[in-house]
Amino acid sequence: MPKITLENIQKKFGKNTVLDGIDLELGEGEFTVLVGPSGCGKTTLLRLIAGLDQVSAGKILIGDRDVTRLEPRERDIAMVFQNYALYPHMSVYENMSFGLKARGVDAGEVKRRVIQVAEMLGIEILLNRKPKELSGGQQQRVAIGRAVVRDPSLFLFDEPLSNLDAKLRTEMRTELLKLHRELHATTVYVTHDQEEAMSMGDRIVVLNDGVIQQRGTPRDIYFHPVNLLVAGFIGSPSMNMLHGKISGDRFASLDGAIVVETKNLPDGDVILGIRPEDIHQPADLTAEQHGCVLNCRIDVIELLGARAIITLIVVGVELRAVIEERYLKGISEGSDLIVVFDPDRFHFFDAVTGRRLNRDRFDEEQGIDG
Amino acid sequence: MERFQHLRGRTSNLFLESLLIVALAVVLFPFVWIFVTSLKPPDLVAVPDVWIFEISGINWRNVLLESNIPQNIINSLVVGVVTVLIALAVGCPAAYSFSRFKSSAATRFSILAAEMMPPAIMILPIFLLLYQLSLIDTLWGVILAHLTFVIPVVTWFLIGFFDEVPRELEDQAMIDGCTHFQAFYKVILPVVRPGLAAAAIFGFVLSWNDMFYALILTGGESKTLPVAIAGFWTFRGVEMGKMAVAILIAIVPVLIVSFFVQKHLVRGLGGGAVKY
Ligand SMILES: Nc1ncnc2c1ncn2[C@@H]1O[C@H](COP(=O)(O)OP(=O)(O)O)[C@@H](O)[C@H]1O
Ligand SMILES: [Mg+2]
């Protein structure tokens, strides 16, 4: 039996429908990452699960217990807010023990658990400080500690790393994953950062426009996005999108710059998606993988370190590509460059509905509608 | 060029400073004058431009030991404290509600609507009501009258403080096992404590300073301090020396306490309006 079940959750604020029919099942001990652009309703969904707001329609089950109408305190859930929401007038110890005391755990037990969790998170020396005497990273740990110490049946994290600097963010990411391996607590982790989502989730749920667009492993979502929204959102820099037409197993972009053979795809207006990482130098691919060879002009080069993002222009169309730094030697902005594509990595989408058209082996296995 | 600007900055600072000094002198002079007056012997009290005289404690002795002023001070204190306690008990939950449940700027301003009217409009109905309740010339009567303006002001004052408390704080408390009301008094109230203190003092000062309602609603034993001060203006003339002493007693505590909460006072006076 799944640990948490959301059935057809709807949430409206006045006339504005923020969530429109969310169905989701979380298995015991699973770490689910909920990702979507800002304003897509991620926080709203967490607040509904926590009981801080009431659903407009739908059901929330924990185990087989219907908690839809229960108060937050009756749901046995812990949440880490984006701004940490530490009680400013209480010490770290009081912050961490507050929930246990409110639930009537006896004093000795409270103390034992707070100290145990504080040691686990390396914050035992901070126990007597007030939140305002802590750095952002320490506040973050306290907020996590306050959730962990309660040993709840579900953890909710609302963009917990978004207020940290980049370095600390990657460190905390790893640490949170370690913590999860240790505790095996059922967790919903919300982020708007697709990279964070890819690196953390056993399972990713992509939310946009109030509905779940896709769920799957990071690989599924990266290699087989089910529609344009997911394809455009996951991956950085984002996928190149070329408008064009398929007729007679041949795709031609509108301006005719790119022409490739297709297999088993219906005729019609389509959008071809190519990830920047899938644009290669001729030497990188074997000759039979050269599905399409293009001669482009280099517009901009942005060096990131080991890799660079280059913006290419082909007959007025812009393409972004990621190439390895060693290829930069012979080229400069304004010069010409020959690139090749691997046609197995092409993503075709219906230009009208935005749905994915390729049906490869993966799609058959997953039973996803093409 | 840079040096010139620096110089100009300094001269304009000098100019501002002298303005400030003038303003301070204008504001503070009456206090100094009253203080000096309170120490003058009776025969010099009515002569304003005498600055050198033998200091006399007679006015202070008269007021503190031989007049009703101590009783009036106690009356004012009782009225002020009780008014503030009731106003906080009512105003806190009210302000919290205005802050948390979406309220338009117009709704918030309506809290102050009664304040916008001249008190003369309010006094007649209040007088009649209190008369029916036999509360004329009692401290409870004055307290009720003061509540009509202290509650709105305290409420207004506190909205801004509640607005600054992130909602997540009470959400967290509720997830941690509190009811909404427990979250309010265990987490939110302690967080806005500076605001509560400032609101309490502000409300107290309003009540302490009120002359209009107290003058009409009290007399005899229930007179408050401002009314008693006005009482020194008798048909034999103004008893300037005693009046000066009473005035000092009336204003000094207010000044001292306000000084300690000035930061929060300014914040609160912006009320719930700033967020819109
Ligand atoms: N209390 C509320 N009242 C009205 N609209 C709200 C409320 N909370 C959120 N919304 C709206 O719901 C949408 C989703 O918000 P939110 O869940 O915070 O997005 P996310 O967390 O994904 O960035 C936004 O358009 C926001 O304006
Ligand atoms: Mg959010």
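The values are calculated or read from the model by the stated rules, or taken from the named source; none is laboratory data. Since the model is a prediction, treat every value here as computed from it, not as a measurement. Cβ coordinates were reconstructed from backbone atoms using ideal geometry, including for glycine residues, and neighbour counts include every protein chain displayed. For accessibility, only protein heavy atoms count, side chains too; no ligands or nucleic acids. Shrake-Rupley method; radii C 1.70, N 1.55, O 1.52, S 1.80 Å.
See the values below:
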read-out	value
Virtual spin-label span in nm between A:GLU288 and B:VAL266, 7 Å along Cα→Cβ	7.8
Contact surface B-A: accessible area buried, both sides summed, square angstrom, 1.4 angstrom probe	1700
Accessible area per residue in Å² at 1.4 Å probe, computed on the protein assembly as shown	49
Convex hull per residue volume in Å³, alpha carbons only, for the range A:102-178	112
Mean Cα-pair separation over length for the range B:132-239, i.e. relative contact order, pairs under 8 Å, 6 or more apart, %	38
Drop in accessible area of at least 20 Å² in the complex versus isolated chain, residues of the range A:46-75, 1.4 Å probe	A:ARG47, A:LEU52, A:PRO72, A:ARG73
Förster radius 45 Å - calculated FRET efficiency between A:VAL211 and B:SER103, Cβ distance, rounded to 0.05	0.85
Accessible-area order (highest first, 1.4 angstrom probe) of the listed residues A:ILE144, B:ILE34, B:ILE121	B:ILE121, B:ILE34, A:ILE144
B:TRP51 - accessible surface, heavy atoms, 1.4 Å probe, Å² rounded to 10	130
Distance (nanometres) between label positions extended 7 Å along Cα→Cβ at A:LYS15 and B:MET117	3.8
Peptides B:12-25, A:145-158, A:23-36 ordered by average Cβ neighbours within 10 Å, highest first	A:145-158, A:23-36, B:12-25
Local electrostatic count, B:VAL63, Cβ distance below 12 Å [Lys/Arg +1, Asp/Glu -1]	0
Packing-based order for B:53-66, A:336-349, using average beta carbon neighbours within 10 Å, highest first	A:336-349, B:53-66
Over 29 Å between alpha carbons, listed pairs A:LYS59/A:LYS132; A:LYS59/B:LYS102; A:LYS12/A:LYS130; A:LYS11/A:LYS178; A:LYS132/B:LYS263; A:LYS111/B:LYS102	A:LYS59/A:LYS132; A:LYS12/A:LYS130; A:LYS11/A:LYS178; A:LYS111/B:LYS102
Local electrostatic count, A:GLU196, Cβ distance below 11 Å [Lys/Arg +1, Asp/Glu -1]	-1
Size descriptor, Kirkwood hydrodynamic radius, that averages inverse alpha-carbon separations across the protein assembly as shown, Å	31.3
Rounded FRET efficiency, nearest 0.05, which uses the C-beta distance separating A:ASP106 from B:PHE181 and R0 of 25 Å	0.55
Highest-fluctuation residue, A:GLU277, A:GLU94, A:GLU288 considered, GNM on chain A with Cα pairs under 10 Å	A:GLU288
Amide proton proximity set for A:LYS3, modelled H, under 5 Å, gap of 5+	A:LEU26, A:GLY27, A:GLU28
Accessible-area ranking of B:ASP137, B:ASP163, largest first, probe 1.4 Å	B:ASP137, B:ASP163
Mean separation of Cα contacts under 8 Å, 6 or more apart, over the residue count of the range A:115-186: relative contact order %	29
Peptides A:51-64, A:74-87, A:256-269 ordered by average Cβ neighbours within 10 Å, highest first	A:74-87, A:51-64, A:256-269
Listed residues A:ILE221, A:ILE234, A:ILE115, most fluctuating in chain A (Gaussian network, C-alpha, under 10 Å)	A:ILE115
The range B:93-152: Rg to Rh, with Rh as the Kirkwood radius over Cα pairs	1.09
Total formal charge among the other residues, if their Cβ is under 14 angstrom from that of A:THR174, Lys/Arg +1 and Asp/Glu -1	+1
Distance between the range A:237-252 and the range A:9-81 - C-alpha centres, whole angstrom	38
Exercise: per-residue mean of other protein chain Cβ atoms within 10 Å, A:340-347	0
Protein accessible area in the range A:248-321, 1.4 Å probe - carbon and sulfur %	50
Inter-site label distance for A:VAL352 and B:ILE58 at 7 Å from Cα along Cβ, in nm	10.6
Among A:LEU228, A:LEU272, A:LEU134, residue whose mean-square fluctuation peaks in a GNM of chain A (springs only between Cα atoms under 10 Å)	A:LEU134
Carbon/sulfur fraction of accessible area - the range B:66-270, other protein chains in place, 1.4 Å, %	73
Reachable lysines, given that their alpha-carbon falls under 26 Å from the alpha-carbon of B:LYS40 and they are not under 8 places away in the same chain	B:LYS242
Chain B, relative contact order [Cα under 8 Å, separation at least 6], %	29
